Amino acid sequence: MLLSLLILFYLPAVAQEHLLWYRHPATHWNEALPVGNGRLGAMVFGDVVSERIQLNEETLWAGSKVEGNADAAAHLPLIQRELLEGNLQSAVELAEKHLRGSYLRIRSYQPLGDLTIDFFTHRRSLPPLESYRRQLDLVTGIATTVYSYQGITFTREVFASAIDNAIVIRLTASRPQSLTFRLSLSRLQDAIVQPIADDQLLMTGQIIDLPAKDATPEGPHMRFAARVWGQCQGGAMQTINNSFWVTKADTATFYLVAATDYNPSLLDFDREINPQQRCSEMLNALSKKSYAQIRSEHIAEHAALFNRVKLDLAGESYPELPTDERLEKVRQGAEDVGLIVLLFQYGRYLLMGSSRPPAVLPANLQGIWNQDFVAAWNSDFHTNINLQMNYWHAEVTNLPETVLPLSNFINRLREPGRITARKTYGANGWTLHHLTNPFGHTSISDNVRWGIFPMAAAWLTLHLWEHYRFGGDKNYLQQQAYPAMREAAEFILSFLIKDKHGYLVTAPSHSPENTYLLPNGEKHMLTYGSTIDIQIIRALLKACVQAGTIIGESDSFLAQCRRTLAALPPTRVSQRYGIIQEWIEDYQEAEPGHRHISQLFGLYPGEEITPATAELFQAARRTITRRVEHAAKGEGFLTGWSMAWLINFYARLYDGEAARQTLLEMQRKLILNNLFDNHPPFQIDGNFGFTAGVAEMLLQSHTGTIELLPALPKAWAKGHVSGLRARGGFELAFSWDNGTLQKVTVLSKLGTPLQLKYGNHIIRKSTKPQVVLQFSFEGGKWKQVR
């Protein structure tokens, strides 16, 4: 296996940072520690008096499947004409009148409930603690709480097994007959819990949606169930009301399974599905195994994914300190490169926990972890950057499996997206706007000003193309990626219209969530041909040409893509500000420090702005400088996810020092004590963007050349990394010292030509499938070792 070769290649091997740990229990949700298996999630608080384990099941959503598209196609030409002629207020009024659908607001992702383990009536009943520690091991995926009093050490382990589709809780004590407690299963609304055996509890429920303005219909909707099976050695166990009562046990183990009647193939709940029966089937399967087997199989499966990538950065690091104290040191001005490594790996861990089989949905705004019945932004799938950012690191950090729930979801959205394309725009293909949900919501949401973003489908399908570019699976390209890409392109080709200069543009359009000023003081969001629209279109049509050539697409469609590419407006430099122009006209910015920096899609994650486009490359740098300066003045604000986007921008600009400074600033201002990203509130895309940014500083492959250490800051003078992936089917490991590349190992999985670059030094080699090549960089020259 490549990993063993890589470890042998770098001596000595340095212990990896992989623990979050604390000297006290979590006092609120943003201090609890997450475990997840893609489908089930839990937040573990680690309390010694009354432990709380907050639970989630990925498909448990309020709402229902409804078709609420505006029947606006007949009115679209007038709206477009008004936009193109500069009659913006009229265009806005017409859009508000005709583009508003029946249901502007979706409903929220909801928690499954809570497991509460009560040991004492109140805190003053607790004897003095002799020791306490809680931790999350990213390698094993196990959250552990250990504490001692009166000479007895108590240990609790919680993990979410992907193999057995369950959350597992294990309690032990160093002295026999020391475990006496009540474990309760509860949910604040829409559910009941009852004993069904001396060792089992059953929760059954159905979400009742109440009337809400502009929301999808009220009524009884999603059905769900959860089941807990308990075992103890020594002592006694019984079930009463919604609880287990355990007395004088040596060990106690609980298995929680959960299900809903959601059917992903229908994008709807399915009354043919019995959640209780599904829970029974999952429990019956795992009941044939011992706890030791379930635990060992979980660790083997989890660690096999997690350990694909190793990263070490030499420098100041404080793993001997609790994680919250390490973070506080950084907030006070210190630098902890080990904490950067920990956050890098945490982003990988969180994606594993929220988007891998058995998951059927992609990671949402909070991954899979949410305690609120009406979550911030409904914890939805926000598609004007956030869902996309969730997966920026998936391919490069060697977690391609996590993309499959996203890929499958995108393909399921095509069906409702066709209705939106036809009814709202009179167009072919499929589209959706700035958010969606498990029920296939593709119409305009929230309001017309914010909600018009018909390029979301095109952007999403680029992730499928990236999955192919990294992995090279032509069957996947032909059956999943290209059909979704082509149909998104068909929407674009039938939606574009000519402007007064003869360019093909989108109309209506807006640059996500941002506002511009007219000379008369009017503020507007609606426009035509916003820069991000055109950059996304350019990226998709180029990808379609490449993918279509590979699979044998018809010449006529590829020719149409090429003609359209030639007719798109160029990305422009603003004469007003010297930055990348955000709108089709050189408007005054209403909020120059805005969190979205959408006109830089072409820099990252796109590939349009590179050193080869020198004028745009420099304008991109000025764009970032202006945004950051004005945000610092309070003229807008930068969120956790937008700070993470900056890291990736700086990496693409080869500015390692600015990227490092942004990493530090993000840690100091926007990372919570459990290392969750803070929008605020918690939003997981910032964690994922952070990980992507670190990877982008170390390796880039978007130009066709694998560039090593393109944005290495001086503070990271020594280090090594293994397991990163590059486009073309490559897996790499490399080390550096004194800021200079030392050794490189490359596994070519597909046998494609290899082009490595370090600084201005390039080496080209032909490769064979599954063959490892080794290089060193000595005296300013490449040398092939193997």
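List of remarks:
- Applying the criterion of being open to solvent by 40 Å² or more (accessible area, probe 1.4 Å) and farther than 17 Å from Ile536 by Cα to the residues of the range 464-498, the residue that is farthest from the chain's Cα centre (by Cα) is Lys498.
- Checked against the criteria, Trp229 counts as part of a strand (DSSP E or B), aromatic (Phe, Trp, Tyr) and touching a helix residue (DSSP H, G or I) at 6+ places or on another chain (Cβ under 8 Å).
- Subset tally (residues that are touching an Asp or Glu at 6+ places or on another chain (Cβ under 7 Å) and farther than 11 Å from Arg227 by Cβ) for the range 263-284: 5
- Among (1) surrounded by fewer than 22 Cβ atoms within 10 Å (Cβ to Cβ); (2) closer than 20 Å to Asn56 by Cβ; (3) under 29 Å from the mean Cα position of the chain (by Cα), the one test that Phe224 misses: (1)
- If only residues of the range 38-52 that are part of a loop (DSSP other than H, G, I, E, B) and touching a Pro at 6+ places or on another chain (Cβ under 8 Å) are counted, the one that is nearest to Pro111 (Cα to Cα) is Arg39.
Per-residue answers, yes or no, for (1) touching a Ser or Thr at 6+ places or on another chain (Cβ under 7 Å); (2) open to solvent by less than 60 Å² (accessible area, probe 1.4 Å); (3) at pLDDT 95 or above:
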{"site": "Arg81", "(1), (2), (3)": "no, no, yes"}
{"site": "Arg100", "(1), (2), (3)": "no, no, no"}
{"site": "Ser108", "(1), (2), (3)": "yes, yes, yes"}
{"site": "Thr121", "(1), (2), (3)": "no, no, no"}
{"site": "Pro127", "(1), (2), (3)": "no, yes, no"}
{"site": "Ser131", "(1), (2), (3)": "yes, yes, yes"}
{"site": "Arg134", "(1), (2), (3)": "yes, yes, yes"}
{"site": "Leu138", "(1), (2), (3)": "no, yes, yes"}
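- Residue tally, condition assigned to a strand (DSSP E or B) and free of Cβ contacts under 8 Å to residues at least 24 places away in the same chain, over the range 712-760: 1
- Subset of the range 53-68 that is open to solvent by less than 10 Å² (accessible area, probe 1.4 Å), assigned to a loop (DSSP other than H, G, I, E, B) and under 22 Å from Ile444 (Cα atoms) - its residue that is modelled with the lowest pLDDT: Gly68
- For the range 638-654, the criterion of being farther than 30 Å from Pro322 by Cβ, modelled with pLDDT of 95 or more and open to solvent by 40 Å² or more (accessible area, probe 1.4 Å) is met by at least one residue.
- Residue count for the range 244-267 under the criterion of being outside any loop (DSSP other than H, G, I, E, B) and open to solvent by 10 Å² or more (accessible area, probe 1.4 Å): the result is 5.
- Residue within the range 444-460 that is without any contact (Cβ under 8 Å) to a residue 24 or more places away in the chain, farther than 26 Å from Glu93 by Cα and of a type outside the set (Asp, Glu) present: no
- Among the residues making up the range 158-177, a single one is closer than 22 Å to Gln345 by Cβ and either surrounded by fewer than 21 Cβ atoms within 10 Å (Cβ to Cβ) or at pLDDT below 95 (or both): Ile163.
- Within the range 741-771, the set of residues being hydroxyl-bearing (Ser, Thr, Tyr) and under 32 Å from the mean Cα position of the chain (by Cα) comprises Thr745, Ser748, Thr752, Tyr758.
- Some residue of the range 380-398 being of a type in the set (A, V, I, L, M, F, W, C) and surrounded by fewer than 21 Cβ atoms within 10 Å (Cβ to Cβ): no
- One residue stands out in the range 684-708 among those that are under 27 Å from Thr639 (Cα atoms) and assigned to a loop (DSSP other than H, G, I, E, B): the one that is most open to solvent (accessible area, probe 1.4 Å), namely His702.
- Tabulated pairs, the range 275-299, first among the aromatic types (Phe, Trp, Tyr), second surrounded by 12 or more Cβ atoms within 10 Å (Cβ to Cβ), C-beta under 7 angstrom, 6+ apart or interchain: Tyr291/Arg170; Tyr291/Thr253
- Options Ser90, Ser4; residue that is among the hydroxyl-bearing types (Ser, Thr, Tyr) and modelled with pLDDT of 95 or more: Ser90
- All helices (runs of 4 or more DSSP H) inside the range 302-407 with 1 or more residues being in contact with an Asp or Glu (Cβ under 9 Å, 6 or more places away or on another chain) and under 16 Å from Asn37 (Cα atoms): 337-354
- The lone criterion from (1) surrounded by 14 or more Cβ atoms within 10 Å (Cβ to Cβ); (2) under 20 Å from Ser290 (Cα atoms) left unmet by Asp198 is number (1).
Here is a yes/no grid of residues against (1) modelled with pLDDT under 95; (2) over 20 Å from the mean Cα position of the chain (by Cα):
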| position | (1), (2) |
| --- | --- |
| Ala612 | no, yes |
| Lys633 | yes, yes |
| Thr662 | no, no |
| His679 | yes, no |
| Gln683 | no, no |
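- First in the range 389-409 and at pLDDT 95 or above, second anywhere and hydrophobic (A, V, I, L, M, F, W, C) and open to solvent by 10 Å² or more (accessible area, probe 1.4 Å), Cβ under 6 Å, 6 or more apart: Glu395/Phe470; Pro405/Ala359
- Residue tally, condition buried (at least 20 other Cβ atoms within 10 Å of the Cβ) and not in a helix (DSSP H, G or I), over the range 508-546: 13
- Filter result for Gln231 (of a type in the set (S, T, N, Q), closer than 18 Å to Ala166 by Cα and either at pLDDT below 95 or within 34 Å of the chain's Cα centre (by Cα) (or both)): no
- Any hit, the range 277-290, residues being of a type in the set (Ser, Thr, Tyr), out of contact with any helix residue (DSSP H, G or I) (no Cβ under 7 Å at 6 or more places or on another chain) and in a strand (DSSP E or B): no
- The set of residues in the range 432-450 that are of a type in the set (A, V, I, L, M) and under 25 Å from Arg39 (Cα atoms) comprises Leu432, Leu435.
The values are calculated or read from the model by the stated rules, or taken from the named source; none is laboratory data. Keep in mind it's a predicted model, so treat the numbers as computed, not measured. Please note: Cβ atoms are built from the backbone with ideal geometry, for glycine as well, and neighbour counts cover all protein chains shown. For the accessible areas, the whole protein counts, side chains as well, though only heavy atoms, and no ligand, DNA or RNA atoms are used. Shrake-Rupley method; radii C 1.70, N 1.55, O 1.52, S 1.80 Å.
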